[in-house]
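Read through the structure below, which is laid out as structure tokens, and then see the notes.
The values are calculated or read from the model by the stated rules, or taken from the named source; none is laboratory data. Keep in mind the model is a prediction, meaning the values are calculated, not measured. Using ideal geometry, Cβ is built from the backbone for each residue, glycine included, and neighbour counts are taken over all protein chains shown.
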Amino acid sequence: MVSGDSGPLATALAQFHAAADRLGLDDDLRQILASCKRELVVHFPVRMDDGSIRVFTGYRVQHNLARGPGKGGIRYHPAVDLDEVKALAMWMTWKAAAMGIPYGGAKGGVRVDPKSLSLGELERLTRRYATELAPIVGPQEDIPAPDMGTDAQVMAWIMDTVSMHQGYTVLGVVTGKPPAVGGTAGRVEATGRGITYILEEAVAWCGLPRDGLTVAVQGFGNVGSMVAILLSQRGYQVVAVSDSSGGVYDGTGLNIKALVELKQKGAPLSQASGDHISNQELLELPVDILIPAALEGQITSQNASRVQARLIIEGANGPTTPEADCILKENGVTVVPDILANAGGLVVSYFEWVQDLQSFFWDEEEVNERLSHIMRRAFREITSLAERGRMTLREAAMVLAVSRVAEAVRLRGLYP
Ligand code: NAD
């Protein structure tokens, strides 16, 4: 994060208060919605392969549960801290509300570089962290999912750990599991697939020509690589991608399949052939569409004026600071906000949970059809609100989301 711009929590709060102002929310509701309901911080020991013990710090935050159980990913990253997890939990509340999915918002994380652990260490860390979370997670309370640094295997360990404590299999405690243990068809691709649906809608809404559009994607993990694959299959020219080691650029379009194969062998993109660029340079390339799909706080007051893309689709959570938002708005850049653009993972997680609870599983075609329906419906609702209220898409998405959560809080009333 560059100095002068808001960090993730300040960004999330600024976005909330802007929506609250537009809605004329009273101070009581503002206080409730600006606070996180529950914040768990745990310090737990894990035995490492060499016999030593390391103490790790983990978090789980539930922001607001008025609309349903908590939902949100678990991040394993060395920079995770409580404020970041609170911001991510808050965005989950708004995302579920904007999409019309009956969940509250939550998020978790462990301060660790997962790449520095052996598979055995990763499993022991995950099982101990899951045990620490056990009092507050469950199919009716709070349902974690993958986020940066975690994957389907980590979710399988969490499900198994909670199940061992219960004495029977609890499929619905976590989503993003492998299909062999209660996962759904289409979950791995869901966030990337949802982004492509939203991108198609946004291209039409902005009046961009459909053919020959160029795209740059920052981040080449679950979200970034999947979106790059799907877009290149659909005829978009993906000209730049990056990971934490840096990026590659080819103005005529990259061979995404070859890059995925390179990553599958464990090599960073810095070892790919092509023109090498930094992550910062990627954001400023002369492309039509920019998809940040890595960390928050990437497009800031320092670089927003140099963004040349006409359309930004936020694959990551919180990649644009409020300061950058103002500059992009002035420059006529359309930003499709995270709580709409990357909600495909949440939506298909919801499908997975529903299938687990019913022990009745759908095929991938059904998953994708329902995903498309929900994503496109949310896009229409948000764009029509934006048009009517002369708002940006983020402003409209936040107004819609906050109004839905505020209504739920109001209707439920105050206990006791
Ligand atoms: P991931 O761990 O699979 O991949 C992250 C990617 O970002 C990797 O390629 C990594 O090398 C790269 N990266 C890390 N630090 C970077 C940096 N400083 N600059 C550039 N690239 C960097 O994570 P993911 O699941 O793809 O999540 C990416 C983003 O998408 C996060 O903001 C996450 O919250 C958001 N998101 C994920 C999902 C999901 O279903 N996985 C859903 C919604 C939103």
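General remarks:
Let's see how each residue does on (1) among the aliphatic types (A, V, I, L, M); (2) touching a helix residue (DSSP H, G or I) at 6+ places or on another chain (Cβ under 8 Å); (3) at pLDDT 95 or above:
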site: A258; (1), (2), (3): yes, no, yes
site: L262; (1), (2), (3): yes, yes, yes
site: K265; (1), (2), (3): no, no, yes
site: L269; (1), (2), (3): yes, yes, yes
site: E281; (1), (2), (3): no, no, yes
site: I289; (1), (2), (3): yes, yes, yes
site: A294; (1), (2), (3): yes, yes, yes
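- The lone exception for E323 - which of (1) within 13 Å of the ligand (Cβ to nearest atom); (2) in contact (Cβ under 8 Å) with a residue 40 or more places away in the chain; (3) among the acidic types (D, E) it fails: (1)
- Residue pairs meeting the criteria (Cβ under 8 Å; at least 6 apart or on separate chains; first free of Cβ contacts under 8 Å to residues at least 24 places away in the same chain, in the range 146-163; second away from the ligand (no atom under 15 Å from the Cβ) and not in a helix (DSSP H, G or I)): M159/T169; M159/V170; M159/G182; S163/T169; S163/V170
- Among all residues of the range 220-232, there is none that is within 11 Å of the ligand (Cβ to nearest atom), free of Cβ contacts under 8 Å to residues at least 24 places away in the same chain and surrounded by fewer than 22 Cβ atoms within 10 Å (Cβ to Cβ).
- Selection from the range 307-321 of residues that are surrounded by fewer than 24 Cβ atoms within 10 Å (Cβ to Cβ) and outside any loop (DSSP other than H, G, I, E, B): L311
- None of L9, L23, L29 is within 27 Å of V137 (Cα to Cα), surrounded by fewer than 18 Cβ atoms within 10 Å (Cβ to Cβ), at pLDDT 95 or above and touching a helix residue (DSSP H, G or I) at 6+ places or on another chain (Cβ under 6 Å) except L29.
Rundown of residues vs (1) closer than 23 Å to L295 by Cβ; (2) modelled with pLDDT of 95 or more; (3) within 16 Å of the chain's Cα centre (by Cα); (4) not acidic (D, E), yes/no style:
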site: E84; (1), (2), (3), (4): yes, yes, yes, no
site: P102; (1), (2), (3), (4): no, yes, no, yes
site: L125; (1), (2), (3), (4): yes, yes, no, yes
site: P135; (1), (2), (3), (4): no, yes, no, yes
site: M148; (1), (2), (3), (4): yes, yes, yes, yes
site: A156; (1), (2), (3), (4): no, yes, no, yes
site: H165; (1), (2), (3), (4): no, yes, no, yes
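- From the list A134, A156, A152, the one residue that fits, being surrounded by fewer than 23 Cβ atoms within 10 Å (Cβ to Cβ) and more than 16 Å from the ligand (Cβ to nearest atom), is A134.
- Test: R111 is in contact (Cβ under 8 Å) with a residue 60 or more places away in the chain and of a type in the set (D, E, K, R): no
- Within the range 241-255, the set of residues being within 12 Å of the ligand (Cβ to nearest atom) and surrounded by 23 or more Cβ atoms within 10 Å (Cβ to Cβ) comprises V241, S242, G247.
- Meets criteria (among the polar types (S, T, N, Q) and within 23 Å of the chain's Cα centre (by Cα)) for S244: yes
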